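**Q** Here it is: the structure, laid out below.
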Amino acid sequence: MRLRFFYTFFLAVVALFSTNTIKAQRHEVGVQAGMSNLVGDIGRTGFILQKPILDKKLTLGVPLYIGAIYRLNVNPQQSIRLSAGYSNVQFSDLHAAENYRRMRKLYGNNSIYHADLTFEYYFFDINDEHKSKVSPYVFAGIGGMMFNVVKLTDLQEQNGVPQPTYESAKKISMDLPFGVGLKYKFNYNWALSAEATFRQTFSDAIDYSTIVSNVEGVPDTFRQIGNPNSNDWINSATIILSYSFGRPPCYCK
């Protein structure tokens with residue numbers, strides 16, 4: 001019910017402001033880069049700007065986010081944004097604050113591909129014809145992601161002990177990205193934005209704490225670590241460099 005309400009509200013907002021796009025066809029493209037982190041059942045629980053795990057960087061990779069964006073600036077204070085990106089997240093119990101996690105010593109990483117549609121609201125009219133301007137903004141939307149999971153493919157008993165067989169697989173799921181940012185426009189067409197993004201996912205398997213079962217009669221809870229009622233979060237702190245083009249008409253105020 002909550003998800004249905006969110007979709008209805010978001011589509012209503014997009015429909016409301018898309019009626020102005022004929023009068024305000026200003027486009028913006030850019031690149032985005034920064035750091036991503038995972039909040040799940042394994043590793044640290046800090047929601048943003050977790051310190052990179054450098055002692056295992058050859059195994060876990062670098063915690064990063066890279067991507068590209070397209071903005072449709074509907075009017076001086078509202079934009080619709082399409083984003084596509086890639087995240088590598090790392091997690092390690094050895095760096096957790098909780099003692100029980102440090103004793104467990106689990107770790108890993110995951111590669112995630114993102115596609116988002118978000119609505120941005122700026123507190124000042126930064127999308128107007130200013131040479132330079134600064135404005136904070138908020139954004140929210142819907143997204144999809146593809147990530148690695150562990151799949152149970154077979155379960156045989158040997159001497160009364162179950163012997164599972166696992167393999168890696170891909171899974172596609174939805175998420176709800178939202179966050180805050182600060183945009184600085186300069187030289188008319190260029191802009192630099194800094195933002196914090198929080199992604200509520202609908203999966204508890206990004207840190208491999210829950211497996212995906214392909215064995216009949218064996219539930220996904222066959223091997224589970226942590227709280228099964230708490231899904232993972234993927235958060236990031238990024239910088240966006242963008243360029244706007246397409247001469248806008250005079251916005252009616």
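**Q** Quick test of your reading of the structure: Ile240 fulfils all but one of (1) modelled with pLDDT under 95; (2) under 30 Å from Gln78 (Cβ atoms). Name the failing condition by number.
**A** Ile240 satisfies every listed condition except (1).
**Q** Take region 133-189 and flag every residue that is in a strand (DSSP E or B), hydroxyl-bearing (Ser, Thr, Tyr) and closer than 17 Å to Tyr122 by Cβ.
**A** Across region 133-189, the qualifying residues are Ser135, Tyr137, Tyr184.
**Q** If I filter region 204-237 down to residues being modelled with pLDDT of 85 or more and either among the β-branched types (Val, Ile, Thr) or closer than 30 Å to Gln77 by Cβ (or both), which single residue comes out as surrounded by the most Cβ atoms within 10 Å (Cβ to Cβ)?
**A** Among those residues, the one meeting the criterion is Ile206.
**Q** Within region 83-116, restricting attention to residues that are touching a Leu at 6+ places or on another chain (Cβ under 6 Å) and not charged (D, E, K, R), which residue is modelled with the lowest pLDDT?
**A** Result: Phe91.
**Q** Of all residues in region 107-125, which are more than 30 Å from Ile225 (Cβ to Cβ), surrounded by 15 or more Cβ atoms within 10 Å (Cβ to Cβ) and under 25 Å from the mean Cα position of the chain (by Cα)?
**A** Leu117, Thr118, Phe119, Glu120, Tyr121, Tyr122
**Q** In addition: Taking the conditions exactly as written (β-branched (Val, Ile, Thr), in a strand (DSSP E or B) and closer than 30 Å to Thr210 by Cα), does Thr45 satisfy them or not?
**A** When the stated conditions are applied, Thr45 does not pass them.
**Q** Considering only residues that are basic (Lys, Arg) and more than 24 Å from Asn235 (Cβ to Cβ), which ones fall in region 125-177?
**A** If the condition is that a residue be basic (Lys, Arg) and more than 24 Å from Asn235 (Cβ to Cβ), then Lys131, Lys133, Lys151 are the ones that fit.
**Q** Name the residues in region 25-71 that are modelled with pLDDT under 95, among the hydrophobic types (A, V, I, L, M, F, W, C) and under 30 Å from Ser244 (Cα atoms), would you?
**A** Met35, Ile48, Leu49, Leu64
**Q** Out of all the residues in region 136-148, is one or more over 20 Å from Tyr86 (Cα atoms) and surrounded by fewer than 16 Cβ atoms within 10 Å (Cβ to Cβ)?
**A** Yes, that holds for at least one residue.
**Q** In addition: Within region 89-108, which residues are touching a Lys or Arg at 6+ places or on another chain (Cβ under 9 Å) and part of a strand (DSSP E or B)?
**A** Once the filter is applied, which keeps residues that are touching a Lys or Arg at 6+ places or on another chain (Cβ under 9 Å) and part of a strand (DSSP E or B), region 89-108 yields Gln90, Phe91, Ser92, Tyr107.
**Q** When you look at Val74, is it more than 23 Å from the chain's Cα centre (by Cα), modelled with pLDDT of 70 or more, of a type in the set (Val, Ile, Thr) and in a strand (DSSP E or B), yes or no?
**A** Considered against the rule, which asks whether it is more than 23 Å from the chain's Cα centre (by Cα), modelled with pLDDT of 70 or more, of a type in the set (Val, Ile, Thr) and in a strand (DSSP E or B), Val74 comes out as yes.
**Q** Let me ask something else about it. I'd like to verify a number: residues in region 171-202 that are among the hydroxyl-bearing types (Ser, Thr, Tyr) and either touching a helix residue (DSSP H, G or I) at 6+ places or on another chain (Cβ under 6 Å) or surrounded by fewer than 20 Cβ atoms within 10 Å (Cβ to Cβ) (or both), how many?
**A** 3
The values are calculated or read from the model by the stated rules, or taken from the named source; none is laboratory data. Note that the coordinates shown come from a computational prediction; the quantities given were computed from them, not determined experimentally. Cβ sites come from the backbone with ideal geometry, for glycine too, and all protein chains shown count toward neighbours.
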